[in-house]
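S.K.: The structure under discussion is supplied below as structure tokens; questions concerning it will follow.
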Amino acid sequence: MLNILNRISDAVNEACKAVCAVMMGYLAVVCTIQVICRRFLNSSLTWSEETMRYVFVWMILLATAVTVKEGSGAAIDLLRKKLKKKKAIALQEIIIFVLTGITALALVKYGISYAISAAGITSTAVGIPMSLVYASIPAGSLLTLLHCITGTVNGFCVLFERKPENAALEEGGK
């Protein structure tokens, strides 16, 4: 079971990275076109800034999930450097994953309410449903929560000296 969870988490992470790369490319292209239109044509695009803003919001929330999965966010490095034992490091990571997971769970709950409350509202320039924009909050937070659960379970495997592969085999046999 744990192997499946790790594979799902890894696949979701790779998909998020790919989507973020596409979004970053979109932002670069549209921003460049907008600058060219303003500078050389003395006319700005009516849709570019709004769509870039919404794509940027989605990208940030997806990238947050990637950051949690890869442990590349702000970390308590000073404490980690002091901790030499694997179990102590695993315990610190479990605490971080649990606290991050609680935050992500709250964002999922309230983000869904927020997105639902925006039903029927559209953006000014493009007419995109704002509920789609606000859906980025629960979507990104749900992916972050997935990585927090995976990281917590893997941390417990280290803490109790069980390899994730063996834990998965033992769980499957029960």
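The values are calculated or read from the model by the stated rules, or taken from the named source; none is laboratory data. These figures come from a predicted structure and were not determined experimentally. Here the Cβ positions follow ideal geometry from the backbone for every residue, glycine too, while neighbour counts run over all protein chains shown.
Per-residue answers, yes or no, for (1) part of a helix (DSSP H, G or I); (2) free of Cβ contacts under 8 Å to residues at least 24 places away in the same chain; (3) under 21 Å from V133 (Cβ atoms); (4) not charged (D, E, K, R):
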site: N6; (1), (2), (3), (4): yes, no, no, yes
site: A11; (1), (2), (3), (4): yes, yes, no, yes
site: M23; (1), (2), (3), (4): yes, no, yes, yes
site: A28; (1), (2), (3), (4): yes, yes, yes, yes
site: V35; (1), (2), (3), (4): yes, yes, no, yes
site: E50; (1), (2), (3), (4): yes, no, yes, no
site: Y54; (1), (2), (3), (4): yes, no, yes, yes
site: V57; (1), (2), (3), (4): yes, no, yes, yes
site: I60; (1), (2), (3), (4): yes, no, yes, yes
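S.K.: Moving on. For the stretch 76-92: of the residues being among the aliphatic types (A, V, I, L, M) and modelled with pLDDT of 80 or more, which is surrounded by the fewest Cβ atoms within 10 Å (Cβ to Cβ)?
M.R.: A88
S.K.: Being modelled with pLDDT under 90 and among the small types (G, A, S): is that true of G73 here?
M.R.: So G73 passes the test.
S.K.: May I ask you to verify whether L45 is in contact with a Cys (Cβ under 6 Å, 6 or more places away or on another chain), at pLDDT below 95 and farther than 22 Å from F160 by Cα?
M.R.: Yes.
S.K.: Taking I8 as the residue in question, decide whether it is surrounded by fewer than 14 Cβ atoms within 10 Å (Cβ to Cβ) and modelled with pLDDT of 95 or more.
M.R.: yes
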